[in-house]
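Below: one structure, written as structure tokens.
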Amino acid sequence: MDEKTNKRQKRTEENRVYHVREWETSRLTISEYSRRHGIHPSVLSRWIKKFTTAKQAESFIRVDTEQFPSFNTLHHVELLLPGGITLRFESGVIPAIVNNILKTSGGF
């Protein structure tokens, strides 16, 4: 094995999550954070995708609007997201469109 192969580290799941959370608050680019912490940028990108997708899935709750009779007479719905972001949808919006917006947003 060459010297580069010997330097590879086997990271635990906990360590990967730690680096993703640290990167999120660091305000550094993926490249800069990776360089400072000895992680290949593509590896960090893969961890970010994996753990932010998992975090998003855990944070969404399905709401059955039939439980709320007045819900169907509303003129709009607002979603309050982390970071002070508010999404407002007028009545009649197609749920699939909202779903696509949230999926392609890159995670709020």
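The values are calculated or read from the model by the stated rules, or taken from the named source; none is laboratory data. No experiment lies behind these values; they were computed from the predicted model shown. Cβ placement follows ideal geometry from the backbone for every residue including glycine, while neighbour counts extend to all protein chains displayed.
If the condition is being modelled with pLDDT of 70 or more and either polar (S, T, N, Q) or under 30 Å from Val17 (Cα atoms) (or both), then the stretch 64-81 contributes Leu79, Leu80, Leu81. Restricting attention to the stretch 52-63, does a residue exist that is at pLDDT 75 or above and either surrounded by 12 or more Cβ atoms within 10 Å (Cβ to Cβ) or not in a strand (DSSP E or B) (or both)? The answer is yes; a qualifying residue exists. Restricting the stretch 89-108 to residues that are surrounded by 13 or more Cβ atoms within 10 Å (Cβ to Cβ) and farther than 21 Å from Thr52 by Cα leaves a set whose member that is modelled with the lowest pLDDT is Val93. Filtering the stretch 9-21 to residues that are surrounded by 10 or more Cβ atoms within 10 Å (Cβ to Cβ) and not in a helix (DSSP H, G or I) leaves only Arg11. Of the residues in the stretch 22-31, at least one is hydroxyl-bearing (Ser, Thr, Tyr), part of a helix (DSSP H, G or I), at pLDDT 90 or above and over 23 Å from Leu81 (Cα atoms).
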